[in-house]
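Input: a single structure, listed below in structure tokens.
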Amino acid sequence: MLRSTFLWLSERRGLFEFVKRNGLARKVSARFVAGETLDQAMDATRRVNARDITVSLDLLGESVTSREEATGARDAAIEILDRIHTTGVRANLSIKLTQMGLDLGQDVAAANVHQILDRARAHGIFVRVDMEASAYVQRTLDLYQSTLRPDFGDLVGVVIQTMLRRTEADIEALLDVGARVRLVKGAYKEPEAIAFPDKRDVDAVFARCSERMLERGNYPAFATHDEALITHVKEHARAKGIGPERYEFQMLYGVRRDLQDALRQEGYNVRVYVPYGTEWYPYLMRRLAERPANVWFIVGNLLRETADGSGR
């Protein structure tokens, strides 16, 4: 019930302006979002790097409605790449196709993404195309497989969500072309006809896909905070003689830092997804839906801060 509520709220764009003015909401968002500016995101990246953990930077935003917005998002992504290059932080870039104009036409998004990838190639920086709601899955994979992968190879990767019933077939097709894949559970509200409603089914698909990705994948990334699934990945890799240098675990900024550090201390590659920007409301709602326990964790911390006078 709580998960459904947060997913519903994530789609209520009319609430965003109200929420942005709410001090408590902004304080909650600060746990999961590294500020609203690139400077703040770079500061967060340096702090994560200081823990010997790499970063994937993401300027929040999606579903733009004009070419001007798409061009602005493209230019902002290029600025991120330039900043990564000039500062030397250990980071790559994540982008969304709807932020680059996919709703305005496949050609619009493709042109913007190609310009981003041209700059990424000049700097030698990897770019990941995030996966969005189910309506965009096939269009994302079509663009990736038809032009992005052929033109840019291992410089660009894609994301697959195990909550969708189509996922195992998609994984096989991507492994066949040597794609670099990030595996996630998924955080969008989807109809039961195309998505598994039961967490056990989502987890089972994640486990099966992780095995195939370890055995056949091209430096796969496993994005989860689920310790049982992380253990499954580690044990399968060990059983198959696959070293930890051949894959990485990915986690979200502000979530399970203890687990991030423990994995790194064990010798595993760990990357933290660091989002920033003014469009943090939908992202925040999906994070709370993904792990409702985050709500009570944050509320507890805020109450403690208020009680001891440390709240700001």
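For the reader, a short list of remarks on this structure follows.
- Residue identified as among the hydroxyl-bearing types (Ser, Thr, Tyr), under 30 Å from THR87 (Cα atoms) and in contact (Cβ under 8 Å) with a residue 24 or more places away in the chain among TYR136, TYR188, TYR144: TYR144
- Checked against (1) farther than 28 Å from LEU60 by Cβ; (2) modelled with pLDDT of 80 or more, ASP308 passes all but a single condition, namely (2).
- In this structure, TYR273 does satisfy being at pLDDT 95 or above and either out of contact with any helix residue (DSSP H, G or I) (no Cβ under 7 Å at 6 or more places or on another chain) or among the small types (Gly, Ala, Ser) (or both).
- Among the residues of the range 214-231, the ones that are more than 25 Å from ALA44 (Cβ to Cβ) and assigned to a helix (DSSP H, G or I) come to 6 in all.
- Some residue of the range 158-168 being touching a Leu at 6+ places or on another chain (Cβ under 6 Å), surrounded by fewer than 22 Cβ atoms within 10 Å (Cβ to Cβ) and part of a helix (DSSP H, G or I): no
- When VAL255 is tested against (1) at pLDDT 95 or above; (2) touching a helix residue (DSSP H, G or I) at 6+ places or on another chain (Cβ under 9 Å), only condition (1) is not met.
- Output for the range 84-141, where each listed residue is of a type in the set (Asp, Glu) and in a loop (DSSP other than H, G, I, E, B): ASP130, GLU132
Here is a yes/no grid of residues against (1) closer than 15 Å to GLU266 by Cβ; (2) part of a helix (DSSP H, G or I); (3) in contact with a helix residue (DSSP H, G or I) (Cβ under 7 Å, 6 or more places away or on another chain); (4) modelled with pLDDT of 95 or more:
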{"residue": "GLU190", "(1), (2), (3), (4)": "no, no, yes, no"}
{"residue": "ASP203", "(1), (2), (3), (4)": "no, yes, yes, yes"}
{"residue": "CYS209", "(1), (2), (3), (4)": "no, yes, yes, yes"}
{"residue": "ARG212", "(1), (2), (3), (4)": "no, yes, yes, yes"}
{"residue": "VAL233", "(1), (2), (3), (4)": "yes, yes, yes, yes"}
{"residue": "HIS236", "(1), (2), (3), (4)": "no, yes, yes, yes"}
{"residue": "GLU245", "(1), (2), (3), (4)": "yes, yes, no, yes"}
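- Subset tally (residues that are among the basic types (Lys, Arg) and in a loop (DSSP other than H, G, I, E, B)) for the range 247-259: 1
- Checking each residue in the range 54-72 for being buried (at least 21 other Cβ atoms within 10 Å of the Cβ) and within 23 Å of LEU155 (Cβ to Cβ) picks out VAL55, SER56, LEU57, ASP58, LEU59, GLY61, ALA70.
- Residues that are without any contact (Cβ under 8 Å) to a residue 12 or more places away in the chain and closer than 20 Å to ALA109 by Cα, drawn from the range 147-185: PRO150, GLY153
- Conditions (1) among the small types (Gly, Ala, Ser); (2) farther than 19 Å from GLY157 by Cα; (3) in contact with a Lys or Arg (Cβ under 9 Å, 6 or more places away or on another chain); number of the one not met by SER94: (2)
- Being acidic (Asp, Glu), without any contact (Cβ under 8 Å) to a residue 12 or more places away in the chain and out of contact with any helix residue (DSSP H, G or I) (no Cβ under 6 Å at 6 or more places or on another chain) is a description that applies to ASP118.
- Of the candidates ASP226, ASP203, the single residue that is in contact with a Leu (Cβ under 8 Å, 6 or more places away or on another chain) and either surrounded by 18 or more Cβ atoms within 10 Å (Cβ to Cβ) or touching a residue at least 12 places away in the same chain (Cβ under 8 Å) (or both) is ASP203.
Let's see how each residue does on (1) charged (D, E, K, R); (2) in a helix (DSSP H, G or I); (3) modelled with pLDDT under 85; (4) over 25 Å from LEU81 (Cβ atoms):
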residue: LEU15; (1), (2), (3), (4): no, yes, yes, yes
residue: VAL28; (1), (2), (3), (4): no, yes, yes, yes
residue: ALA34; (1), (2), (3), (4): no, no, no, no
residue: ARG47; (1), (2), (3), (4): yes, yes, no, no
residue: ARG51; (1), (2), (3), (4): yes, no, no, no
residue: LEU57; (1), (2), (3), (4): no, no, no, no
residue: GLY61; (1), (2), (3), (4): no, no, no, no
residue: VAL64; (1), (2), (3), (4): no, no, no, no
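- For the condition within 27 Å of TYR281 (Cβ to Cβ), within 21 Å of the chain's Cα centre (by Cα) and at pLDDT 95 or above, ILE160 qualifies.
The values are calculated or read from the model by the stated rules, or taken from the named source; none is laboratory data. Keep in mind the model is a prediction, meaning the values are calculated, not measured. Note that each Cβ is placed from the backbone with ideal geometry, even for glycine, and that neighbours are counted across all protein chains shown.
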